[in-house]
Amino acid sequence: MKQTKLLRSLLAGVAAVAFSGGALAAQTLLNVSYDPTRELYKVFNAEFQKHWKATTGEDLEIKQSHAGSGKQARAVVDGLEADVVTLALAYDIDEIAELSKKTKQLLPDDWQKALPNNSTPYTSTIVFLVRKGNPKGIKDWGDLVKPGVEVITPNPKTSGGARWNYLAAWAYALKKSNNDEAKARAFVGDLFKHVPVLDSGARGSTNTFVQRELGDVLLAWENEAFLSIVELGPDKFDIVVPPLSILAEPPVAVVDAVAKKHGTEKLAKAYLEFLYSPTGQKIAAANYYRPRHPEHADPKDAARFPKLELISIDDPVFGGWQKAQKVHFSEGGVFDQIYAK
Amino acid sequence: MATPRIRQTRVLPGFGPTLGYTLFWLSIIVLLPLAAVFIRASELSLEEFWTAVTAPRVVASYKLSFGLSLAAAALNAVFGLTLAWCLVRYRFPGKKLVDALVDLPFALPTAVAGIALTALYAKNGIVGQYLDPDGLARVALFAKDSAIGQFLEPFSAKVAFKPLGIFVALVFIGLPFVVRTVQPVLEDLDVELEEAAVSLGAGRLQTFLRVIVPVVLPALLTGFALAFARAVGEYGSVIFIAGNIPLVSEITPLMIFIKLEQPDYAGATAIAVVMLLISFVLLFIINGLQAWASRRTGRDR
């Protein structure tokens, strides 16, 4: 009895998948992205559909997928047929190129040269979200390791956003100590001793800070910090922008092999290029991402982004994602050593 | 009991096909994935394997996962037995409802359980505010430097984001296993046995220990083993309440998850292999105990 029931539901499942496969035959595009871009792409996709209809007369369906950046990269390698990827950091797209070599390389090694500005149409940075009135007086990275301060950040091993957090702290410590690496290690080690909970993703940490009211400061993407304030009311939190932080570049790329298979090469390219257009830039700024061309943004939106010193991942202190990943986040790397006794 | 040599005749035929299906199902559903784990792990050299599974963080996670799972299963054995006893022996209004509630941890998605428990025990939660020394209610009722506050200090337990929170989650998900295995045995147990014992002069404690416990023990051990096995593998509910701090509150399944994210599939499967082996040995011991208990009491499940 039970088995026939199981069999029947299995068959139903197979049928459902088969039918939805049939519906995919129309012109569709799958954008595989990371967690905090939900709101951005919701607006952007609607705008692009209008643009595409106006220029080509074709109707278009855009599907979105959101999860942790690293997980999404692995899903694409394992067969999720993304026409374009828009992830949290270049390393994850490098991974797609590298890991897919074993079977069929999905995109070229130099994918990041395909579009202007390192293939990042918008940037962000890491800021502090503190409780209203900033009771612990947090102004700069150094204040995070004061006694009694609790810091909330996800685990850099599993979260792209957390890697930016960590590297921003590293950049601060190096600068402060005139490039003394031992001091920088001590600083990030100290910093993580002030972290009571390590969630696996950025949204998890935001929940811990906001819903569970744990911690004094949340290290967050600038766009996430703005969103938290908009959604939860400005009476509960303040944003503190440190004098120095990291230039977080979430890149975009066409997954060539998949787009070719789907026949969406032109569409996918146009989709990403539209991100650089005045409309795309305006939408990015409205959704709290720093546009590459601030002149296209609504002046009101552009004024929301305070000026601060931003260190790029390609700065010699990091030497690019490949090196930074290896030194800091690989097995036995600097981050692991923090917790080694 | 010696197996009779003669061919048995049964009312319903079908030994051949059912055994065939049993082996086939077990192979594709259980053995195949397990074999894949071992094959993946064998990509590592012996030395790499050893380094992967004996890293301090990983060893700390074994202690936490297996220790807390055993503790949670033990607590569930005590209270699960009490619950089953109450449900079998007494009639009270709402009994059907209580009986149904026991199954809830089975059905609830573990992530929901985890988030609910975290919300409850966090320092702004309904329960957590009384437990946490910095919690709202505790601070309001008994300031830290007040006499009562100082008296309470040693008993302060922070549950959410501490190992204790993991324990709470594991107790939650393990409870139905004990209740549901013990319940049928208690239902079969005649009240007359106890009455006979008492009329022959046994005290209450004696009746419990020498009449009831021996009968229930094998089933109780089965329930304990099931609750333990479930707790060791539990991920969803624990991850929200654990805090996930290296060397303090990282469970072994999280270590595997972190390795997979790296991505270090071979390292992840190496830890999985160790987990499987430890679980297997522990379950083997528990099953042995159970067989011993059944033999001693002359009761086969």
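The values are calculated or read from the model by the stated rules, or taken from the named source; none is laboratory data. Computed from a predicted structure; not experimentally measured. Positions of Cβ are backbone-derived with ideal geometry, glycine not excepted, and every protein chain shown enters the neighbour counts.
Take the range A:206-256 and flag every residue that is within 14 Å of chain B (Cβ to nearest Cβ), touching a helix residue (DSSP H, G or I) at 6+ places or on another chain (Cβ under 8 Å) and assigned to a helix (DSSP H, G or I).
A:Thr206, A:Val210, listed by residue number.
Consider the range A:289-341. How many of its residues are among the hydrophobic types (A, V, I, L, M, F, W, C) and under 19 Å from A:Thr125 (Cβ atoms)? Steps first, please.
First, the residues of the range A:289-341 that are among the hydrophobic types (A, V, I, L, M, F, W, C): A:297, A:302-303, A:305, A:308, A:310-311, A:313, A:317-318, A:321, A:324, A:327, A:329, A:334-335, A:338, A:340.
Still in the running and under 19 Å from A:Thr125 (Cβ atoms): A:297, A:302-303, A:305, A:308, A:310-311, A:313, A:317-318, A:321, A:324.
Qualifying residue count, the range A:289-341: 12.
Which of the residues spanning the range A:118-165 are touching a Lys or Arg at 6+ places or on another chain (Cβ under 8 Å) and under 20 Å from A:Ser69 (Cα atoms)?
A:Ser119, A:Thr120, A:Pro121, A:Tyr122, A:Thr123, A:Ser124, A:Thr125, A:Pro156
Of all residues in the range A:316-334, which are touching a strand residue (DSSP E or B) at 6+ places or on another chain (Cβ under 9 Å) and of a type outside the set (Val, Ile, Thr)? Step through it out loud before you land on a result.
Taking the range A:316-334 as the starting set, the residues that turn out to be touching a strand residue (DSSP E or B) at 6+ places or on another chain (Cβ under 9 Å) are A:317-318.
Across the range A:316-334, the qualifying residue is only A:Phe318.
Looking only at residues in the range B:247-288 that are polar (S, T, N, Q) and farther than 26 Å from A:Thr158 by Cα, which one is surrounded by the most Cβ atoms within 10 Å (Cβ to Cβ)?
Here the answer is B:Ser279.
Mind checking which pairs have a first residue in the range A:71-97 that is within 13 Å of chain B (Cβ to nearest Cβ) and a second that is of a type in the set (Lys, Arg) and surrounded by fewer than 24 Cβ atoms within 10 Å (Cβ to Cβ), Cβ under 8 Å, 6 or more apart or different chains?
Going by the 8 Å Cβ cut-off, the qualifying pairs are A:Glu95/A:Arg74.
State yes or no: is A:Ala259 surrounded by fewer than 17 Cβ atoms within 10 Å (Cβ to Cβ) and part of a helix (DSSP H, G or I)? Before the answer, list the steps.
Values: surrounded by fewer than 17 Cβ atoms within 10 Å (Cβ to Cβ): no; part of a helix (DSSP H, G or I): yes.
For A:Ala259, the condition - surrounded by fewer than 17 Cβ atoms within 10 Å (Cβ to Cβ) and part of a helix (DSSP H, G or I) - is not met.
Within 14 Å of another protein chain (Cβ to nearest Cβ), surrounded by 15 or more Cβ atoms within 10 Å (Cβ to Cβ), under 30 Å from A:Lys193 (Cα atoms) and of a type in the set (A, V, I, L, M): which single residue out of A:Val334, A:Val317 fits that description?
Details: A:Val317 fails: within 14 Å of another protein chain (Cβ to nearest Cβ).
Of A:Val334, A:Val317, the one residue that is within 14 Å of another protein chain (Cβ to nearest Cβ), surrounded by 15 or more Cβ atoms within 10 Å (Cβ to Cβ), under 30 Å from A:Lys193 (Cα atoms) and of a type in the set (A, V, I, L, M) is A:Val334.
Just a yes or no: is a residue in the range B:27-37 over 20 Å from the mean Cα position of the chain (by Cα) and outside any helix (DSSP H, G or I)?
No.
Matching residues to (1) outside the structural domain of A:Leu89 (by TED's automatic domain parsing); (2) farther than 24 Å from A:Val85 by Cβ; (3) not small (Gly, Ala, Ser):
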{"residue": "A:Val130", "(1), (2), (3)": "yes, yes, yes"}
{"residue": "A:Lys157", "(1), (2), (3)": "yes, no, yes"}
{"residue": "A:Ala168", "(1), (2), (3)": "yes, no, no"}
{"residue": "A:Asp180", "(1), (2), (3)": "yes, yes, yes"}
{"residue": "A:Ala202", "(1), (2), (3)": "yes, no, no"}
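What's the number of the only condition in (1) outside the structural domain of A:Val85 (by TED's automatic domain parsing); (2) of a type in the set (Gly, Ala, Ser); (3) on the phi > 0 side of the Ramachandran plot that A:Gly263 fails to meet?
Evaluating A:Gly263 over (1) outside the structural domain of A:Val85 (by TED's automatic domain parsing); (2) of a type in the set (Gly, Ala, Ser); (3) on the phi > 0 side of the Ramachandran plot leaves (1) as the failure.
Identify, by number, the condition in (1) modelled with pLDDT of 95 or more; (2) within 14 Å of chain B (Cβ to nearest Cβ); (3) within 17 Å of the chain's Cα centre (by Cα) that A:Ala168 doesn't meet.
(2)
Can you tell which of A:Ala186, A:Ala173, A:Ala162 is of a type in the set (Gly, Ala, Ser) and surrounded by fewer than 19 Cβ atoms within 10 Å (Cβ to Cβ)? Give the steps one after another, and end with the answer.
Values: A:Ala173 fails: surrounded by fewer than 19 Cβ atoms within 10 Å (Cβ to Cβ); A:Ala162 fails: surrounded by fewer than 19 Cβ atoms within 10 Å (Cβ to Cβ).
Checking each option against the conditions leaves just A:Ala186.
Would you mind stating whether B:Gly223 is touching a Phe, Trp or Tyr at 6+ places or on another chain (Cβ under 9 Å), within 12 Å of chain A (Cβ to nearest Cβ) and among the small types (Gly, Ala, Ser)?
no
If you take the residues in the range B:256-267 that are closer than 21 Å to A:Lys326 by Cβ and out of contact with any Asp or Glu (no Cβ under 9 Å at 6 or more places or on another chain), which one is nearest to the other protein chains (Cβ to nearest Cβ)?
Narrowing the range B:256-267 to residues closer than 21 Å to A:Lys326 by Cβ: B:258-267.
Adding the requirement that they be out of contact with any Asp or Glu (no Cβ under 9 Å at 6 or more places or on another chain) leaves B:260-261.
Values: B:Leu260: 8, B:Glu261: 5 Å.
Looking at the filtered set, the residue picked out is B:Glu261.
What is the number of the single condition among (1) in a loop (DSSP other than H, G, I, E, B); (2) more than 18 Å from A:Val149 (Cα to Cα) that A:Leu198 does not meet?
(2)
What strands (runs of 3 or more DSSP E) lie completely within the range A:52-171 and have 1 or more residues being in contact with a Ser or Thr (Cβ under 6 Å, 6 or more places away or on another chain) and farther than 27 Å from A:Gly263 by Cβ? Walk me through how you get there before you give the answer.
Numbers: elements: A:61-67, A:84-86, A:126-131.
The qualifying strands (runs of 3 or more DSSP E) are A:126-131.
Filter the range B:229-242 for residues that are surrounded by 24 or more Cβ atoms within 10 Å (Cβ to Cβ) and not in a helix (DSSP H, G or I) and give the result.
Selection gives B:Glu234, B:Ala242.
Pull up the range B:104-131, narrow it to residues that are farther than 16 Å from B:Ile166 by Cα and out of contact with any Gly (no Cβ under 9 Å at 6 or more places or on another chain), then point me to the one that is nearest to the other protein chains (Cβ to nearest Cβ).
Within the range B:104-131, the match that is nearest to the other protein chains (Cβ to nearest Cβ) is B:Ile126.
Limited to the range A:77-115, what total is found for residues that are in contact with a Gly (Cβ under 9 Å, 6 or more places away or on another chain) and hydroxyl-bearing (Ser, Thr, Tyr)? Spell out how you get there, then give the answer.
Quick first cut of the range A:77-115, residues in contact with a Gly (Cβ under 9 Å, 6 or more places away or on another chain) only: A:87-92, A:95.
Subset that is hydroxyl-bearing (Ser, Thr, Tyr): A:91.
The qualifying residues number 1.
Give the number of residues within the range B:38-70 that are under 30 Å from B:Val171 (Cβ atoms), touching a residue at least 24 places away in the same chain (Cβ under 8 Å) and loosely packed, with under 14 Cβ neighbours inside 10 Å. First the steps, then the outcome.
To start, the set of residues in the range B:38-70 that are under 30 Å from B:Val171 (Cβ atoms) comprises B:53-70.
Now drop any that are not touching a residue at least 24 places away in the same chain (Cβ under 8 Å), which leaves B:53, B:56-58, B:60-62, B:64-66, B:68-70.
Subsequent filtering for residues that are loosely packed, with under 14 Cβ neighbours inside 10 Å retains B:56.
Qualifying residue count, the range B:38-70: 1.
May I ask you to list pairs of residues, at least six apart or on different chains, whose Cβ atoms are under 7 Å apart, with the first in the range A:132-145 being on the phi < 0 side of the Ramachandran plot and the second being surrounded by fewer than 14 Cβ atoms within 10 Å (Cβ to Cβ)?
These pairs meet every condition: A:Lys132/A:Asp235; A:Lys132/A:Lys236; A:Asp140/A:Pro243; A:Asp143/A:Gly137.
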